[in-house]
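To start, the structure under review is shown below, and the notes come after it.
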Amino acid sequence: MLRITVVAVGKLKERFWTQACDEYLKRLRPYASMQVVEVPDVDPSQQGADAALAREAEGILRAVPDDAFAVLLAIRARELSSEQLAAKLDDLALGGTSSIAFIIGGSHGVAPAVAARANMQLSFGPITLPHNLARVVLLEQLYRAFKITRGEPYHK
């Protein structure tokens with residue numbers, strides 16, 4: 001079974017974000033082993049932006065499994081349709097990849113070390129999404145991808 005780790009900077013604070021993520025995680029569990037790792041966000045006003053990104057990067061890089069194909073969510077990256085994402089996940093799994101990590105950086109982006117660790121960067125488009133919403137969108141798109149790959153109906 002494919003292992004998917006979602007590494008996200010910051011905690012979900014509002015109950016509605018948590019409920020939405022929990023619902024998609026429940027739906028995803030028959031298709032993949034799912035883990036969400038929340039990395040503490042660091043306030044750049046305390047030690048400067050570069051130092052804050054470096055501290056967040058330490059947590060992100062620790063959370064990404066060594067054997068994972070790492071996908072960094074980034075605004076200025078490649079966009080994939082739902083069908084293309086499904087095909088990419090399927091290609092990775094058929095090619096022997098058993099672990100995939102999706103990285104959602106903090107509100108100030110990520111340190112260069114995180115971008116360097118990524119095997120691929122993925123964009124949900126040129127719009128800016130709150131990081132909480134990006135997590136929900138990611139989980140929904142993963143669920144949709146598994147439904148597409150298996151030819152199962154997806155009730156909207």
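Between the range 113-156 and the range 42-75, what is the C-alpha centre distance in whole Å?
19 Å
Applying 1/(1 + (r/R0)^6) with R0 = 35 Å to the Cβ-Cβ distance of THR97 and THR128, what FRET efficiency is obtained, to the nearest 0.05?
0.75
Taking a probe of 1.4 angstrom, what is the accessible area of ASP66 in Å², to the nearest 10?
Looks like 150 Å² after rounding.
Rounded to the nearest 5, what % of the DSSP beta bridges within the chain are antiparallel ones?
DSSP beta bridges in the chain are roughly 5 percent antiparallel.
Set Lys and Arg Cβ to +1 and Asp and Glu Cβ to -1, take the dipole of the range 91-156 about its Cα centre, and tell me which of PHE124, SER99, PHE146 lies farthest positive.
Selected residue: PHE146.
Quick one: helix 131-149 against the long Cα principal axis of the chain, what's the angle to the nearest 10°, folded into 0 to 90?
With rounding to tens, the tilt is 20 degrees.
Which one of VAL42, ALA115, PRO30 is farthest out on the positive end of the charge dipole of the chain, using unit charges on Cβ (Lys, Arg +1; Asp, Glu -1) and the Cα centre as origin?
Selected residue: PRO30.
Spin-label point model (7 Å from Cα, Cβ direction): what's the GLN47 to ASN119 distance in nm?
Distance between the two pseudo-spin positions: 3.1 nm.
Taking the Cα atoms of the chain, report the difference between the largest and smallest coordinate on each principal axis, in whole Å and largest first.
Cα spread of the chain along its principal axes, largest to smallest: 50, 35, 27 Å.
How far, in degrees from 0 to 90, does helix 15-28 lean away from the longest principal axis of the Cα atoms of the chain, to the nearest 10?
The helix 15-28 is inclined about 40 degrees to the chain.
Starting from 0.36 nm per residue, how many nanometres of slack lie between SER81 and ASP66 once their C-alpha separation is accounted for?
Computed gain between SER81 and ASP66 is 2.6 nm.
The values are calculated or read from the model by the stated rules, or taken from the named source; none is laboratory data. Fair warning: this is a prediction, and the values are worked out from it, not measured in the lab. As a convention, Cβ positions derive from the backbone with ideal geometry for all residues, glycine included, and neighbour counts pool all protein chains shown. Areas reflect the complete protein model, heavy atoms only, side chains present, ligands, DNA and RNA absent. Shrake-Rupley method; radii C 1.70, N 1.55, O 1.52, S 1.80 Å.
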